[in-house]
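These notes concern the structure reproduced below.
The values are calculated or read from the model by the stated rules, or taken from the named source; none is laboratory data. Small disclaimer: the values here were computed from a predicted structure and weren't measured. A quick note on method: Cβ atoms are made from the backbone with ideal geometry, for glycine too, and the neighbour counts reach across all protein chains shown. The accessibility values were calculated without ligands, DNA or RNA, using every heavy atom of the protein model including side chains. Shrake-Rupley method; radii C 1.70, N 1.55, O 1.52, S 1.80 Å.
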Amino acid sequence: MTPEQSFSHWVRGALLVFLLLFAYFILADNYMPMTPQAQVQRYVVPVASRVAGQVSRVYVENNQHVEAGTLLFELDDSDYRLAEQQAELALALARVEQRRLQAARQAAAATLQQERIQADELSREAGRIGRLHQQGHMSVQQREQAASHAEQAQSRLRAIAARLNETEQAVKAGEVRLQQAENTLSQARLALSRTRVRAELSGKIGNLQLQEGTYTQVGQPLLALVSDQAWVTADLREKSLRHVTGGTPVEIIFDALPGQIFSGQVSDIDSGVRDGQQLADGRLAQPANTDRWVRDAQRLRAHIRLDQDWPPLATGAKATVQLYPSDNPLLRGLGRMQARLVSQLRYLY
């Protein structure tokens, strides 16, 4: 074989290998996509006190696992206990005042009833004397005197009714003050209870920057609580997600666990990315200008859950995800070969 024939043979072989690899890449990208841009995600909750005060005791350590409801730390509650006692005294005074007003209303109501009876009797008496006067048995002076007494009784009746109405309004105002005092006491007790900060969910303590004696403000983050709930986010080209839906099976290779493959499935795919969000800021759109012939492919994020117990991995741990959107046995076999090759390569990098 001449050198020219040997060179031509190698060129044809290289072209054939290139075409085979190119075809495999197109096939794999559509029916068995893989991405190394994946990582473990967990909810990270900043823990802060809802009241201000000096930290009196810390009950947890950094990286300690806690259950929901576990006491994390507590603040000096001296001021809040005094506020609770003050609110209890104010409530007691409001109740005493309310009872006094209610007693005054009952007394005014009784006086009004007596005055009404007396006014009715004087009114009947005035009417009887008026009839007798018409018959000539009573003088004008007696008739006018009886009418005057009846009118005075009606005036007293109206005055007592006005005082009763005023007393009833005072009772209603006292009820409002009593409710305000009860609310103040409830707020004081709530603030006192908030001096003891508990975990809202199960997880690990992270970035604990808290010591006894530290003065904390309301809403100031003091530590992070990393949730036990975890999932994997995988960023893939949108073209690679054409055949991927919720429930598509996947295999996951974590960088921290080389040689191990975990099974899972796609839970959902994000509906968009930040580049596709237009802010209504009153400005005109600014199209992207580029002189590149081949632009970068847009990637979308898929969320993946495991079908087995989660390994002890930190949030942010990197992973490689192999997806199986096709039921074809050959394509699935090739995808499994890809996943196992990557799992072995993780021993090296």
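Consider all pairwise Cα distances in the chain and report the whole-number % of them above 38 Å. Result for the distance tail: 59 percent. Kindly identify the range 212-334 as rounded, prolate or oblate by the Cα gyration tensor criterion: order the square roots of the eigenvalues as a ≥ b ≥ c, call it rounded if a/c is under 1.5, otherwise compare a/b with b/c, prolate if a/b is larger, else oblate. Oblate shape, in that a/c is at least 1.5 and b/c is the bigger or equal ratio. Only protein atoms count toward the accessible area here, which uses a 1.4 Å probe; on the range 255-349, the carbon and sulfur part of that area reaches 51 percent.
Summed over the residues of the chain and divided among them, the accessible surface reaches 66 Å² per residue at a probe radius of 1.4 Å.
The peptide list 178-188, 19-29, put in order of mean Cβ contacts within 10 Å with the highest first, becomes 178-188, 19-29. Within a straight-line Cα-Cα reach of under 24 Å, K318 can be paired with the following lysines, leaving aside sequence neighbours fewer than 8 residues apart in one chain: K204, K239.
Spacing of the modelled spin labels on R116 and D281, each 7 Å from Cα toward Cβ, amounts to 7.3 nm.
This model, with +1 at the C-beta of Lys and Arg and -1 at the C-beta of Asp and Glu, gives the range 272-349 a dipole about its Cα centre of some 180 debye. Given the options A170, A14, A38, state which has the largest fluctuation in a GNM of the chain using a 10 Å cut-off (strictly under) for Cα springs. Per the Cα network of the chain with a 10 Å cutoff, A14 tops the list.
Positive-end ranking of V45, Y349, T214 along the dipole of the chain, with charges on Cβ about the Cα centre, is headed by V45. About its Cα centre, the dipole of the chain is roughly 560 debye, where the only charges are +1 on Lys and Arg Cβ and -1 on Asp and Glu Cβ. Here the Karplus curve 6.51 cos²θ - 1.76 cosθ + 1.60, taken at θ = phi - 60°, turns the phi angles of the range 219-232 into couplings of x, 7, x, 10, 6, 10, 10, 8, 5, 6, 5, 9, 7, 10 Hz, with x standing for Gly and Pro.
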